[in-house]
Amino acid sequence: TPCCAERGCFAAADRIRKASRAFSSAPAGASEPQDGLEKVGGVRAGDDELDVAIVGGGMVGLAVACALSNMPLTKHLRVAVIDSNPALKSTNYLKKDGIPDSRVSTVTPATISFFRDIGAWEHILQQRHAFFGKMQVWDYTGLGYTRYNASDVCKEYLGCVVENKVLCNSLLLRLQEQKEDIEKMVYPTRLVSLAFPSKSRNVGVAGLKPPSTEAEELRRSNLVKLDLSDGQTLYSKLVVGADGSKSNVRQIAGIKTTGWSYPQSAIICTVEHTAENDTAWQRFLPSGPIALLPIGDNFSNIVWTMSPEEASRHKSMSSEDFVMSVNRALDFGYGPHPNSSSLDHYVERLFSDFGGTAASTKECFEVPPRAIGLISERMAFPLSLMHSHDYVSKRLALVGDAAHTVHPLAGQGVNLGFGDAAALAKVISEGVSVGADIGDLSLLNRYENDRKGANVAMAAVLDGFQKMYSVDFGPLNVLRAAAFHGAQYISPLKKNIISYAMGDRKSPLFS
């Protein structure tokens, strides 16, 4: 049967892959022509022919390039990053003593491990970053709160807040270490059009063209043609769409999406405190959550979800009024502080026999540090959920926001994207190890099968939280309170939630 044949192919591939590992440490150019151009069908591939063309030089696109350049079996591949962002030319460390940018990401331990594997994390450590080992989440009704501590799962930290420009810069610095001339890898231009191989192409009549020309046309007829805004044309075995939620690559490929816009916008900015903040804070308000995230020194990042009308008002109010509004939202505004009850401590003791008591179950509610000033501009952007029906087609793979966007209430969006980058690079490496066509759909489907389930699950969890905490309704408020109390005092549940958020588990519940 086809299934049996497929299993047989994968078994053979596994045997070949194991044998190939013995040669994986050989220099990438050892078996290549000395001019560095691959010889295909008796004809050398030109400078305009690539193995992987990555459209989009943001965090996730650069992560794909960096991962491929770091792996023994893929570091010889001809990879290009196509993006007109001038920031891609900057590869110097960013000063730690400047004002933090308000566009930040909370990277999980799973993402940190990926950055370490590709050699980029050491560059982040030389720039501004803020590890945090504690987190507090609570509801405006005062009916419940939950505290998380890295020690609950025997870890040093829950995550690390890093400016987006630091993440990009660190990946560029690592690429510069891996590639002698990074300028040849980055194309500072825009994609204009894509032409995917058709099932049948007329590549000329035999005998009317030199053999070398016929071979070149035959080879290129099976590649993706990319026309760029500077007039260049490239050909690639695989195109990676890493060009964001409004992906041009996805639209040209005709890949459909499902999603909706939330009746919310998010305001982001940077505030200052009198002392350093070492905890991530999040409070659910009637219009949406507000998060206070440490970013190093005495600074914190604000991510505040609210209605578009409220966002417009908060953007236009004075800095002093905005800071007062932030402090109110994180303290007594909208409702009282939550407290523990004797029932909570009974539940804690009841579940202490199942895996031990988490240290944070005994921690009391704390009031977040007050903001004393606004030190950045306030930016607002609309929120939406989107998921691509397909992540791949022949010679195409979508990663990051080009494949999926989620609500930012847990800061998981970019971590899902980095998970895509790691998985796609791994699949490409496995394909190279057995001599497969890296643009073949059967190979790329393994990437989609690996990532789609995890991404859909996270999107569903975050969408559920968004809906559950956007309604002020008595019975639902009680249900939310029960959820907070369970997460705080049922240690096994708490540990599962922490591990899921850190990227160590595929389900937030018992599994």
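Lysine pairs in the stretch 385-500 8 or more apart or on different chains: how many have alpha carbons under 28 angstrom apart?
On the way: Lys394/Lys426; Lys394/Lys452; Lys426/Lys452; Lys452/Lys467; Lys452/Lys494; Lys452/Lys495; Lys467/Lys494; Lys467/Lys495.
The number of close lysine pairs in the stretch 385-500 is 8.
Compute, for Lys155, the solvent-accessible surface of its heavy atoms (probe 1.4 Å) with the complete set of protein chains present, and express it in square angstrom to the nearest 10.
For Lys155, solvent-accessible area is about 100 Å².
Extension gain Lys179-Ser318, at 0.36 nm per residue separation less the Cα-Cα distance, in nm? Can you show the working numbers first?
Details: separation 139, 0.36 × 139 = 50.04 nm, distance 4.77 nm.
Net length gain for the segment: 45.3 nm.
Sorted by accessible area (1.4 Å probe), largest first, how do Asp331, Asp504 line up? Mind dumping the intermediate values first?
Values: Asp331 30, Asp504 85 Å².
From most accessible down to least: Asp504, Asp331.
Let me confirm the definition first: pairs of Lys residues in the stretch 85-168, 8 or more apart or on different chains, C-alpha distance under 15 Å. How many are there? Walk me through the numbers before you get to the answer.
Numbers: Lys89/Lys165; Lys95/Lys165; Lys96/Lys165; Lys134/Lys155.
Taking the Cα cut-off of 15 Å, the pair count is 4.
Rounded, prolate or oblate: which one fits the stretch 87-153, using the alpha carbon gyration tensor with axes a ≥ b ≥ c (rounded when a/c is under 1.5, else prolate when a/b beats b/c, else oblate)? Intermediate results must be reported in sequence, preceding the final value.
On the way: a/c = 3.02, a/b = 1.79, b/c = 1.68.
Prolate, since a/c reaches 1.5 and a/b exceeds b/c.
From the Cα gyration tensor of the stretch 241-315, with a ≥ b ≥ c the square roots of its eigenvalues, which class applies: rounded if a/c is under 1.5, or else prolate if a/b is larger than b/c, or else oblate?
Details: a/c = 2.95, a/b = 1.80, b/c = 1.64.
Prolate is the answer for the stretch 241-315, as a/c is 1.5 or above and a/b outweighs b/c.
Once you put a point 7 Å from the Cα of Asp331 and another 7 Å from the Cα of Gln126, both along the Cβ direction, what distance in nm separates them?
4.2 nm
Compute the FRET efficiency between Asn164 and Lys394 as 1/(1 + (r/R0)^6), taking r as their Cβ-Cβ distance and R0 = 41 Å, and round to the nearest 0.05. Can you show the working numbers first?
On the way: r = 32 Å, r/R0 = 0.78.
For R0 = 41 Å, the calculated efficiency reads 0.80.
With labels modelled as points extended 7 Å from the Cα through the Cβ direction, what inter-label distance (nm, one decimal) is found for Thr91 paired with Ile372?
In this crude label model, Thr91 to Ile372 measures out at 4.1 nm.
Kindly rank 248-257, 492-501 from highest to lowest mean number of other beta carbons found within 10 Å of each residue. Numbers along the way, then the final one.
On the way: 248-257: 17.5, 492-501: 20.8.
Top of the packing list down: 492-501, 248-257.
Using the basic label-point model (7 angstrom from Cα toward the beta carbon), what is the Glu309 to Arg190 distance in nanometres?
A separation of 3.5 nm, rounded to one decimal place.
So if each residue of separation counts as 0.36 nm, and I subtract the Cα-Cα distance between Asp47 and Ser261, what length gain in nm does that give?
Working: separation 214, 0.36 × 214 = 77.04 nm, distance 4.27 nm.
So the extension gain works out to 72.8 nm.
The values are calculated or read from the model by the stated rules, or taken from the named source; none is laboratory data. Computed from a predicted structure; not experimentally measured. Reconstructed Cβ throughout: ideal geometry from the backbone, glycine too, with neighbour counts over all protein chains shown. Just so you know, the surface numbers come from the protein's heavy atoms only, side chains and all, with ligands and any DNA or RNA stripped out. Shrake-Rupley method; radii C 1.70, N 1.55, O 1.52, S 1.80 Å.
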